[in-house]
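Since the structure comes first, as structure tokens, the remarks are kept for the end.
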Amino acid sequence: VGTPKSLIQKFAARFGRDPETCALLIALSRSSGLWDVGALNPIGPPGSVALSDVPRFLFDIWRRGGVWDEARTEAETLRIAEGARDASPAHLVRGILLAALKELGEDRWIPWASLAEYIERDQRIPGITRLFRRWSERTGQEAIDAVLVAHRMVTESLPTLGILDLGDEDGEGGNLSLRLTPRGRRILADKVEAESEEVRSKFLDSSVLRLSPSARVASILGLGPFVEVGKLTEGLDLIVAPQTLARAISAGFEAEALRKRIEIVAKLPDTLS
């Protein structure tokens, strides 16, 4: 089933993001298994994924398709009854768009009008247009063309995933411009950053835990029952305070188990120890 819209709104208000942005990230993370108990397993993905690799991990889920379909009025596929999840040809547009960005967009701004023209000239577009028409007739969806689907990807999905920066967002005037972010260039080039000496997560004070990029998803989620999410700036901060630990202990967690979960991630400060 789809994620309740009330929960999406709650996340949007908590983190100061647009609800559609939250909906996309929630759909991708749920589909990838990040919401399942298996994510607590540090042996394989997603539990074994480092925090710094989560953006690439979610992007790969989006690129494979089947979770978020920009050709639909409501893009979250999880909201659709399982028997009606007839995938649109959006994945074909996705491939053309990413190839175009990879070829055209090194480190410069690209006018959307030029990118749209590049996509329209692709020899596969006439065939994809016919596929979209048949799909809309089969599913009862409103007819949509490939360039509009690409526009939704450029203005909604890819900026949310940190792949694109948008300049002038007045798309109606034809002035929309975009460029690949440093993260986007690395991901589309399939570059893996050289591993540096691992920096452990650390407590900034007696209660604020700053997670390092090398922290593993399983270890982070293992802290969930007794921490609160703090700031998200140059890093992700978690609040580990005596009151949050007391609530966990009153809920049935053993003190030694809490200690072990924290020490997997960072050295305990004396006050919490």
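Worth pointing out:
- The set of residues in the stretch 8-24 that are out of contact with any Lys or Arg (no Cβ under 8 Å at 6 or more places or on another chain) and either charged (D, E, K, R) or open to solvent by 50 Å² or more (accessible area, probe 1.4 Å) (or both) comprises Gln9, Lys10, Ala13, Arg14, Phe15, Gly16, Arg17, Asp18, Glu20.
- Among the residues of the stretch 140-168, those that are in contact (Cβ under 8 Å) with a residue 60 or more places away in the chain and either of a type in the set (Asp, Glu) or assigned to a helix (DSSP H, G or I) (or both) comprise Glu142, Val149, Arg152, Met153, Glu156, Ser157, Thr160.
- Whichever residue in the stretch 2-58 is assigned to a loop (DSSP other than H, G, I, E, B) and of a type in the set (A, V, I, L, M, F, W, C) and, among such residues, is nearest to Ile187 (Cα to Cα): Val49
- Annotation: Arg133 fulfils all but one of (1) within 23 Å of the chain's Cα centre (by Cα); (2) at pLDDT 90 or above; (3) under 27 Å from Glu76 (Cβ atoms); (4) open to solvent by 80 Å² or more (accessible area, probe 1.4 Å); the unmet one is (1).
- Whenever a residue of the stretch 32-60 is on the phi > 0 side of the Ramachandran plot, its partners that are part of a helix (DSSP H, G or I), lying with C-beta atoms within less than 8 angstrom and at least six residues away or across chains, give the pairs Gly33/Ala39.
- Condition met for Ile80 (modelled with pLDDT under 90, of a type in the set (Val, Ile, Thr) and over 12 Å from Ile128 (Cβ atoms)): yes
- Close pairs from the stretch 89-109: first over 15 Å from Ser157 (Cβ atoms), partner outside any helix (DSSP H, G or I) and among the polar types (S, T, N, Q), Cβ under 7 Å, at least 6 apart: Trp109/Ser177
- Counting only residues that are closer than 18 Å to Arg216 by Cβ and of a type in the set (Phe, Trp, Tyr), the stretch 252-269 holds 0 of them.
- Near pairs, Cβ below 7 angstrom, 6+ apart or cross-chain, from the stretch 5-23 (closer than 16 Å to Thr160 by Cα) to any residue that is of a type in the set (Phe, Trp, Tyr) and surrounded by 13 or more Cβ atoms within 10 Å (Cβ to Cβ): Cys22/Phe11
- Any chance Gly66 is part of a helix (DSSP H, G or I) and open to solvent by 40 Å² or more (accessible area, probe 1.4 Å): no
- In the stretch 69-103, the residues that are hydrophobic (A, V, I, L, M, F, W, C), touching a helix residue (DSSP H, G or I) at 6+ places or on another chain (Cβ under 7 Å) and either assigned to a helix (DSSP H, G or I) or surrounded by fewer than 20 Cβ atoms within 10 Å (Cβ to Cβ) (or both): Leu78, Ala90, Leu92, Val93, Ile96, Leu97, Leu98, Ala100, Leu101
The values are calculated or read from the model by the stated rules, or taken from the named source; none is laboratory data. Treat the numbers as computed from the prediction; the structure is a model and nothing was measured. Cβ: placed from backbone, ideal geometry, glycine included. Neighbour counts: every protein chain shown. Side chains are part of the model used for accessible areas, which takes the heavy atoms of the whole protein and leaves out ligands, DNA and RNA. Shrake-Rupley method; radii C 1.70, N 1.55, O 1.52, S 1.80 Å.
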